[in-house]
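Working notes for the structure below.
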Amino acid sequence: MKKILALILAVAFALASVPAFAGTENDDKDIADDIIFARPLGFASIVAGAGLFIVSLPLAIISGSVKKTGKALVGDPIEYTLVRPIGDFEYSVDADMEDAYK
């Protein structure tokens, strides 16, 4: 049992270590973080956002904010997960795309 715990801790420390080089870009780490953490969370947020959108749809119809609600709950998670380039956490929508949602 202690050997397994020691192995898990060694792997955790190895994965959590950061290179000591100042000013270098870490594209490989960003890509790995994106594939391992951000994309699966993005898919989960698409599902959760779609569920919340369905629940909030009656109120959105009454207030006339269906497009805005749909963009916030479904469109943004879809764009973050499926449109954004892998490893690019600072990606933003073009101004043309943003005008389409208004």
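The values are calculated or read from the model by the stated rules, or taken from the named source; none is laboratory data. It should be emphasised that the depicted structure is a prediction, and the values quoted were computed from it without experimental measurement. Cβ placement follows ideal geometry from the backbone for every residue including glycine, while neighbour counts extend to all protein chains displayed.
The rows are residues; the columns are (1) at pLDDT 90 or above; (2) over 22 Å from the mean Cα position of the chain (by Cα); (3) over 19 Å from Asp33 (Cα atoms).
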position: Ile61; (1), (2), (3): yes, yes, yes
position: Lys67; (1), (2), (3): yes, no, yes
position: Ala72; (1), (2), (3): yes, no, yes
position: Asp76; (1), (2), (3): yes, no, yes
position: Glu79; (1), (2), (3): yes, no, no
position: Pro85; (1), (2), (3): yes, no, no
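The number of residues in segment 64-88 being among the charged types (D, E, K, R) and loosely packed, with under 14 Cβ neighbours inside 10 Å comes to 2.
With respect to Val47, determine if the residue is modelled with pLDDT under 95, under 30 Å from Lys29 (Cα atoms) and either touching an Asp or Glu at 6+ places or on another chain (Cβ under 7 Å) or among the aliphatic types (A, V, I, L, M) (or both).
On the way: modelled with pLDDT under 95: no; under 30 Å from Lys29 (Cα atoms): yes; either touching an Asp or Glu at 6+ places or on another chain (Cβ under 7 Å) or among the aliphatic types (A, V, I, L, M) (or both): yes.
No.
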